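Take a look at the structure set out below.
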Amino acid sequence: MSVRLFVGNLPYQATEDDVRKHFSTVGEPMRVAIPMDRETGRPRGFAFVEFAEPAQAQEAIRQLNGQPFMGRSLAVNEARAREDRGPSSPRPPMGSRPSPGGPPRGAPGGGDGAAAGRGFGTPSRRARGGAGGKREREERRPSGPIPVKFTGRVYDVDGVDEADEPLTDFDDFATSLPNEGDEPDEEQE
């Protein structure tokens, strides 16, 4: 009866041949499998090694667990069946996973930055004065279409011919001379 081993903390650059050579010091493995991530196509950092004899598998656990391999210490133990690990389910949503910086938001003692007195982060729903229900979400929606704001000149293709016309006269008071019929101001004399 064959025994399957789980090899954790495997370096990402390790190949099946590398793992097979490392485990062949104990006994020749029947099969070596390195699962790949579906989204990225890269190794997931663990492998399964299957031995034909239980004695070889136990010896591999005894000799190779905690030993360095390509710069990392391996975690080698007997693989458990999926039923033994509990129900497999998709990853929990981002907000429900504990963050590396402390307890999740809303937990007693702490994950709300502003509520915890650290002065950063978003305040909790209670601090904002809302329950966070359907009514609050509806109030945050835009009330209508977003208005278009013109920020530059608009050029019309049909008006290209009109550009050849001379500009109309305009009164430039800074450079213009007084007309002949105009009387000068009394203050300027």
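For the stretch 59-72, a residue qualifies if it is surrounded by 13 or more Cβ atoms within 10 Å (Cβ to Cβ), out of contact with any strand residue (DSSP E or B) (no Cβ under 7 Å at 6 or more places or on another chain) and either touching a residue at least 40 places away in the same chain (Cβ under 8 Å) or assigned to a strand (DSSP E or B) (or both), and the qualifying residues are 69, 70, 72. Residue count for the stretch 67-80 satisfying the condition of being under 14 Å from residue 6 (Cβ atoms) and over 32 Å from the mean Cα position of the chain (by Cα): 2.
The residues of the stretch 8-33 that are of a type outside the set (A, V, I, L, M, F, W, C), part of a helix (DSSP H, G or I) and in contact with a helix residue (DSSP H, G or I) (Cβ under 8 Å, 6 or more places away or on another chain) amount to a single one, 22.
Restricting attention to the stretch 34-56, the residues that are part of a helix (DSSP H, G or I) and aliphatic (A, V, I, L, M) add up to 1. Take the conditions (1) without any contact (Cβ under 8 Å) to a residue 60 or more places away in the chain; (2) within 19 Å of residue 81 (Cα to Cα); (3) in contact with a strand residue (DSSP E or B) (Cβ under 8 Å, 6 or more places away or on another chain); residue 52 misses just one of them, which is (3).
For the stretch 8-33, taking the residues that are surrounded by 19 or more Cβ atoms within 10 Å (Cβ to Cβ) and touching a Phe, Trp or Tyr at 6+ places or on another chain (Cβ under 6 Å), the one that is nearest to residue 74 (Cα to Cα) is identified as 10.
Read-outs throughout are calculated quantities, based only on the coordinates presented, and are distinct from any laboratory measurement. On a predicted model such as this, the values are computed, not experimentally measured, just so you know. Note that we place each Cβ from the backbone using ideal geometry, even for glycine, and neighbour counts take in every protein chain shown.
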